[in-house]
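The values are calculated or read from the model by the stated rules, or taken from the named source; none is laboratory data. Here the structure is a predicted model, which is why all the values come from computation and not from measurement. Reconstructed Cβ throughout: ideal geometry from the backbone, glycine too, with neighbour counts over all protein chains shown. To get the accessible areas, we keep the full protein, side chains included, count just its heavy atoms, and leave off ligands, DNA and RNA. Shrake-Rupley method; radii C 1.70, N 1.55, O 1.52, S 1.80 Å.
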Amino acid sequence: MAVAELWETLNQAILAYTGLSPTAFFTAVAVAAALYHVVSGIFAPPPPPRQRPREEPEAEPLPPPVQLGEVDEEELRQYDGSDPKKPLLMAIKGQIYDVTQSRMFYGPGGPYALFAGKDASRALAKMSFEPQDLNGDTSGLGPFELDALQDWEYKFMSKYVKVGTIKKAAPAEDGTTSKSPETNEAVTTEAETEKAPEHKPREVSSEEVKEREATADAVSAES
């Protein structure tokens, strides 16, 4: 009932203000809207050309890991990332791994850059960045620290390529060498022999020679 009254009121208003019937009024509105759409389409500026997406330069492929074999700690320091042409290496428990693919972490400016070019076993076990812990000495570590180090080793073994080992330093040799008792006895005997005075033969005089010859002749005559 209310809708019918509203519609009747609208029709009377359209007729009063436009002099058109409701059908003619709505038809004129539809034609005007269509005409506006066509005209705006003709005179509207053309849309800007679509920009092609920028192609980002492809990252250069990493060179294959180079096997170093057995190197000492001094040689390992040459692969700390300071030379971008060299691989980035790091060691755990004497085993050297190529971590070049994680340069953002272990390269210069990375959060773990201090570990590159070193055996960082102790530092990883203690999660320490102190200079005195940047070495491969695992003596004195507790069970929790050893477990943490083992987890790091498993991670490196599964993610990175092993390229060598750290050469163990040879034990210092003392100037004195141990000798067996037999050797010591032989050396002592030789020394005593060398130090013993030499016995020179006693010189025999001519008279003693003649006396001995006379005695020998007398014995021969008696026999």
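Could you list, in sequence order, all residues of segment 95-136 that are open to solvent by less than 20 Å² (accessible area, probe 1.4 Å) and aliphatic (A, V, I, L, M)?
Selection gives I96, V99, A116, A120, A123, L124, A125.
Being under 15 Å from G136 (Cβ atoms) and without any contact (Cβ under 8 Å) to a residue 60 or more places away in the chain narrows it down to one residue among E70, E74; which is it?
Selected residue: E74, the only one of E70, E74 that is under 15 Å from G136 (Cβ atoms) and without any contact (Cβ under 8 Å) to a residue 60 or more places away in the chain.
With the requirement that a residue be out of contact with any Gly (no Cβ under 7 Å at 6 or more places or on another chain), farther than 18 Å from I166 by Cβ and of a type outside the set (D, E, K, R), what does segment 63-119 give you?
Of everything in segment 63-119, those that are out of contact with any Gly (no Cβ under 7 Å at 6 or more places or on another chain), farther than 18 Å from I166 by Cβ and of a type outside the set (D, E, K, R) turn out to be P63, P64, S82, P84, T100, Q101, S102, F105, G109, G110, P111, Y112.
Restricting attention to segment 77-112, which residues are within 14 Å of D133 (Cα to Cα) and either in contact (Cβ under 8 Å) with a residue 60 or more places away in the chain or small (G, A, S) (or both)?
Hits for segment 77-112 are A91, I92, K93.
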